[in-house]
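J.: Following this message is one structure expressed as structure tokens.
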Amino acid sequence: MKTALLIGVGMLALASCTSVADRPPAPPPLAGAEAPSSFTRAAHDVVRSERNFADTRDFDFAARGFIATRKDPMIATAAGQPVWNLAAFDFLEGASSETVNPSLWRQGQLMAKHGLFQVSERIWQVRGFDLANITFVKGDAGWIVIDTLGSDETAKAALDLANEHLGARPVTAVIYTHSHTDHFGGTAGIVQLADVRAGKVQVIAPEGFLEAAVGENVIAGPAMQRRAMYQFGIPLPKGENGLVNAGIGPGLSTGTSSLIPPTKEIGETGETMTVDGVKMVFQFTPGTEAPAEMNVYFPDWKIVDMAENANATQHNILTPRGAVVRDAKVWAEGLTEALRLFGDSDVLIASHGWPRFGNDVIRDYLGKHRDAYAYLHDQTVRLMNKGLNGDEIAARLKLPTELENEWYDRPYYGSLSFNSRAVYQFYMGWYDANPSNLAPTPPVDTGKRYVEAMGGAARVKEIARGAYDKGDYAWAAELLNHAVMADASDAEAKDLLARSYDQLGWQAEPSTWRNIYLTGAKELREGVGAPRANPASQMAALANLPLGALMDLLAVRLDSEKAAGQTLKLAFVLSDSNERSYVSIANGVLVHEEIAAPGPVDVTLTATRADFLGGIFGGQPLPPKIASGAVKLEGSPQALLKLSQWMDAPNPVFPIVTR
């Protein structure tokens with residue numbers, strides 16, 4: 001009984017902590033994709049006529065300071081599993097394909113540049129090894145590393161490249177600019193946790209970093225990661241018919257993600273530190289691109305790192321993968337403050353994209369990038385206050401020409417359409433005040449009713465084919481979505497919907513939109529793929545989380561119906577880290593406090609952190625360790641059995657384009 005009990009509990013979170021970067025390599029090329037139509041080719045011609053493709057300054061900035069890249073383009077795990085292929089985007093060296101918006105092709109070319117680049121006398125970046133950049137600052141004794149990519153393997157490869165060409169140096173400090181996985185997930189690839197705990201390596205982050213990292217990447221992880229499959233086009237092949245770019249970087253690596261908590265937090269703008277002989281001034285910018293974020297200024301060199309607050313694209317106020325809605329007003333104000341504080345900078349670097357050089361260039365860039373977010377916020381609110389809802393505002397809003405024409409304000413990652421609805425949601429929520437939308441009908445029921453009202457599935461498909469033939473792919477997709485929701489076995493409707501998504505994907509300028517359309521088309525044709533987990537990465541993601549954060553995972557997996565009318569009291573003790581959690585379950589709710597149990601409990605489990613993680617989250621049976629005395633179980637094993645039985649594992653491959 002104990003064996004079954006503990007294995008059951010151990011299966012609770014195998015899917016819960018899979019990071020976005022854990023996904024498998026892309027499958028073979030898409031089958032059955034629709035060729036670009038005359039309407040799609042005409043849309044591309046409009047883009048070529050409207051955008052200034054003769055402007056090559058970004059290409060000059062992106063190439064400046066190139067030193068070298070890896071000789072072997074394949075980065076792999078210790079077991080030989082591919083993590084990142086630097087050659088995967090070589091197809092972008094050619095002319096733009098008819099299956100890709102020319103503007104997005106240009107962005108893909110810039111983001112695909114990879115290798116070690118010198119930014120200044122003391123700063124280098126490795127770009128193109130993952131979604132983000134990793135920055136190496138030369139201190140008196142070693143490297144200060146800013147952002148560590150999303151995988152241990154890509155971070156190590158970047159450090160190895162820097163050491164190979166610049167001379168081997170130890171890492172003396174790590175700086176997380178913010179709380180997204182692609183900026184901290186590779187830390188264990190370049191430093192040892194033991195060295196951090198011993199004080200040999202500082203880990204510096206904005207205040208609230210750990211709470212934000214757990215909240216966005218762990219608690220809501222399964223749903224967010226499933227949706228991220230669409231946003232980042234993870235199931236798509238890399239190529240002109242699939243993944244071209246991720247908007248803020250070439251794509252996501254597929255290695256082992258880790259998290260080492262910070263040893264020092266920055267909570268005020270103007271806070272100054274000298275780390276390994278390098279003076280830094282911080283700007284604390286919570287509530288901008290991430291709940292916990294900061295910019296870093298090097299006053300002795302007049303170089304500013306704008307984290308992810310300033311990018312080579314319009315960013316997301318609400319990401320398609322899902323996250324906490326960001327505050328566009330606060331974001332714009334943060335850029336105004338940065339312009340005032342760091343406006344004398346001669347070099348600007350960031351967590352994504354390429355540097356910008358020259359004070360005039362930097363001031364113009366920060367000002368116009370700021371104005372894009374301020375315009376988005378102010379005009380959305382203006383129209384909202386005139387009675388327009390989010391969808392109506394999205395259909396109307398357009399950036400002024402002087403902002404729209406700047407490449408860094410183009411919608412490769414975020415878009416004015418998506419972002420204006422996010423601003424509306426930030427203030428007003430999802431409900432638009434129309435009584436008919438108080439209790440919307442679920443998609444399957446809605447689909448069935450629409451199909452019936454329109455005269456049946458045959459009629460819906462007839463109207464959709466007419467719209468498709470006229471190049472009205474969005475309307476065709478809306479109609480066919482109802483047909484597929486009403487009957488997921490309707491192969492004809494699924495095929496025509498997939499073809500509509502193909503054309504929308506070929507036309508899309510935002511990488512996120514393209515990836516979402518093409519991933520949807522792929523799943524309509526092939527179905528949802530099987531989940532692929534990386535157990536090592538899953539356990540690494542949990543290894544250093546506080547016990548309370550681990551209990552949060554259990555709380556959001558409690559099936560209230562199974563626990564209805566029952567109660568439990570449990571105590572967990574981590575013997576080596578001196579952490580305790582008192583857990584009570586009643587009324588279908590799991591409540592935990594990180595205290596010693598205030599009274600009698602049904603069961604107490606005492607274990608080392610490693611044994612606790614392995615037994616509760618790693619599927620490793622604890623009975624042998626209980627028998628040996630390594631793990632102590634006091635009270636009723638039945639209490640843990642109940643906990644196991646009440647847990648509801650998340651579905652990492654829930655359907656999206658069908659139900």
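The values are calculated or read from the model by the stated rules, or taken from the named source; none is laboratory data. From a predicted model like this one, the values you see are computed outputs, not experimental measurements. In this analysis, Cβ positions are derived from the backbone assuming ideal geometry, glycine residues included, and neighbour counts consider all displayed protein chains. Quick note on the areas: whole protein, heavy atoms, side chains included, nothing else; ligands and nucleic acids left out. Shrake-Rupley method; radii C 1.70, N 1.55, O 1.52, S 1.80 Å.
J.: If you take the charge dipole of the chain about its Cα centre, with +1 on Lys and Arg Cβ and -1 on Asp and Glu Cβ, which of Ala62, Leu149, Ala571 is farthest toward its positive end?
T.: Most positive-ward Cα: Ala571.
J.: Positive end of the dipole of the chain, charges at C-beta (+1 Lys, Arg; -1 Asp, Glu), about the Cα centre: which of Leu438, Leu383, Ser644 has its Cα farthest in that direction?
T.: Result: Ser644.
J.: Taking a probe of 1.4 Å, how large is the accessible area per residue of the chain, in Å²? Before the final figure, lay out the partial values.
T.: On the way: 25450 Å² over 659 residues.
In whole numbers, the chain has 39 Å² accessible per residue.
J.: Using a 1.4 angstrom probe on the protein heavy atoms only, could you order Tyr375, Tyr413 from most to least accessible area? It would help to have the intermediate numbers written out before the result.
T.: Values: Tyr375 60, Tyr413 15 Å².
Sorted by accessible area, descending: Tyr375, Tyr413.
J.: For Lys329, list the aspartates and glutamates whose Cα falls under 15 Å from its own Cα; do not include residues on the same chain fewer than 8 positions away.
T.: Straight-line reach from Lys329, under 15 Å: Glu289, Glu337, Asp371, Asp378.
J.: Near Lys625, which aspartates and glutamates are there with a Cα under 18 Å away, not counting those fewer than 8 places off in the same chain?
T.: Cα-Cα hits under 18 Å: Asp576, Asp611, Glu634.
J.: Only Lys, Arg, Asp and Glu count, each charged at its Cβ (+1, +1, -1, -1), so figure out the dipole size of the stretch 69-146 about its Cα centre, rounded to 20 debye.
T.: Computed charge dipole of the stretch 69-146: roughly 160 debye.
J.: Sorted by mean Cβ packing within 10 Å, highest first, what order do the peptides 445-456, 221-232 take?
T.: So the peptides 445-456, 221-232, ranked by packing, come out 221-232, 445-456.
J.: Report the convex hull volume per residue for the stretch 261-341, counting only C-alpha atoms, in Å³. Kindly include the intermediate steps, with their values, before the conclusion.
T.: Details: hull volume 9.3 nm³, N = 81.
Spelled out: Cα convex hull of the stretch 261-341, divided by residues, is 115 Å³.
J.: How much of the DSSP bridge set in the chain is antiparallel, in percent, rounded to the nearest 5?
T.: 70
J.: How high is the relative contact order of the stretch 552-639, in percent, with contacts defined as C-alpha pairs under 8 Å that are six or more residues apart? Working shown, then result.
T.: On the way: 149 pairs, mean separation 22.9, N = 88.
Relative contact order of the stretch 552-639: 26 percent.
J.: With every protein chain kept in the model, how would you rank Asp140, Asp160, Asp502, Asp152 by accessible area, 1.4 Å probe, largest at the top?
T.: Asp140, Asp160, Asp152, Asp502
J.: When the distances between all Cα atoms of the chain are binned every 10 Å from zero, what whole-number percent does each bin get?
T.: All Cα pairs considered, the percentages come to 3, 15, 24, 26, 19, 10, 3, 0.
J.: What share of all Cα pairs of the stretch 577-653, in percent, falls into each consecutive 10 Å distance bin?
T.: 15, 49, 32, 5, 0
J.: Please work out the C-alpha center-to-center distance from the stretch 581-624 to the stretch 386-417 and express it in whole Å.
T.: First find each Cα centre; the distance between them is then 49 Å.
J.: Still on this structure: Cα atoms only: what Rg and Dmax, in Å, come out for the stretch 444-510?
T.: Answer for the stretch 444-510, Rg first and Dmax second: 11.4, 36 Å.
J.: Need one value: the accessible area of Glu207 in square angstrom, 1.4 angstrom probe, rounded to the nearest 10.
T.: Surface accessible to solvent at Glu207 totals approximately 100 Å².
J.: Can you tell me the relative contact order of the chain? Whole percent, Cα pairs under 8 Å, sequence separation 6 or more.
T.: Value for the chain: 18 percent.
J.: Decide, for the stretch 339-427, between rounded, prolate and oblate: order the square roots of the alpha carbon gyration tensor eigenvalues as a ≥ b ≥ c, take rounded if a/c falls under 1.5, and otherwise choose prolate if a/b is larger than b/c, else oblate.
T.: prolate
J.: Something else about it: Tell me, what HN-Hα J-couplings in whole Hz come from the Karplus equation 6.51 cos²θ - 1.76 cosθ + 1.60 at θ = phi - 60° for each residue of the stretch 69-79, using x for Gly and Pro?
T.: Each residue's phi maps through the Karplus curve to give 10, 5, 6, 9, x, 8, 9, 9, 6, 4, 8 Hz.
J.: May I pose another question? Hey, any idea what % of the chain's accessible area is carbon plus sulfur with a 1.4 Å probe?
T.: 52
J.: So if we plug the beta-carbon distance of Ala474 and Phe59 into 1/(1 + (r/R0)^6) with R0 = 41 Å, what FRET efficiency do we get, rounded to 0.05?
T.: Step by step, r from the Cβ atoms, then E = 0.80.
J.: Sort out for me the Cα centre separation of the stretch 474-530 from the stretch 35-79, rounded to whole Å.
T.: 26
J.: Select from Val653, Ala610, Pro598 the residue farthest towards the positive end of the dipole of the stretch 587-659; place +1 on Cβ of Lys and Arg, -1 on Cβ of Asp and Glu, and compute about the Cα centre.
T.: It is Val653.
J.: Dividing the Cα radius of gyration by the Kirkwood radius, what Rg/Rh value follows for the stretch 199-320? Provide the component values of the computation, followed by the final result.
T.: Details: Rg = 17.0 Å, Rh = 16.8 Å.
Using Cα coordinates only, the ratio equals 1.01.
J.: About the Cα centre, and with charges only on the beta carbon of Lys, Arg (+1) and Asp, Glu (-1), how big is the dipole of the chain? Nearest 20 debye, please.
T.: Taking the Cα centre of the chain as origin, the dipole is about 900 debye.
J.: Using the Cα centre as the reference, give the magnitude of the dipole from point charges on the C-beta atoms of the stretch 268-376 (Lys, Arg: +1; Asp, Glu: -1; all else neutral), rounded to the nearest 20 debye.
T.: Here the size comes out at about 320 debye.
J.: Sorted from largest down, what three extents in whole angstroms do the Cα atoms of the stretch 292-389 have along their principal axes?
T.: Principal extents (largest minus smallest coordinate, Cα): 50, 27, 19 Å.
J.: Would you please put 115-122, 640-647 in order of how densely packed they are, using the mean number of other Cβ atoms within 10 angstrom per residue and starting with the highest? Walk me through the numbers on the way to the answer.
T.: On the way: 115-122: 18.1, 640-647: 19.9.
Highest mean packing first, the order is 640-647, 115-122.
J.: What aspartates and glutamates does Lys562 reach when the alpha-carbon gap must be under 17 Å and sequence neighbours fewer than 8 apart in one chain are set aside?
T.: Hits, sequence-local ones excluded: Asp648.
J.: Now a separate question. Give me the base-10 log of I(q)/I(0) for the stretch 164-208 at each q in 0.13, 0.28, 0.31, 0.33 Å⁻¹, Debye formula, one uniform scatterer per Cα, rounded to two decimals.
T.: Taken in order of the listed q values, log10 I(q)/I(0) reads -0.32, -1.10, -1.17, -1.21.
J.: While we're looking at this one, here's another question. Which of the pairs Lys156/Lys302; Lys302/Lys368; Lys470/Lys494; Lys113/Lys398; Lys264/Lys632 have their Cα atoms more than 24 Å apart in this structure?
T.: Beyond 24 Å: Lys156/Lys302; Lys113/Lys398; Lys264/Lys632.
J.: Take the eigenvalues of the Cα gyration tensor for the stretch 220-287, scale each by 5, and report the square roots as semi-axes in whole Å, largest first.
T.: 35, 16, 13
J.: Another question about this same structure. Starting at 0 and stepping by 10 Å, how many percent of the alpha carbon pairs of the stretch 70-212 end up in each bin?
T.: Over the stretch 70-212, the share of Cα pairs per 10 Å bin runs 11, 38, 32, 14, 4, 0 percent.
J.: What is the sum of charges, Lys and Arg at +1 and Asp and Glu at -1, for the other residues whose Cβ falls under 15 Å from the Cβ of Val196?
T.: Numbers: positive: Arg197, Lys200, Lys264; negative: Asp152, Asp195, Glu265, Asp276.
Around Val196, the charge tally is -1.
J.: How big is the shadow of the Cα convex hull of the stretch 34-143, averaged over all directions, in nm²?
T.: That works out to 9.8 nm².
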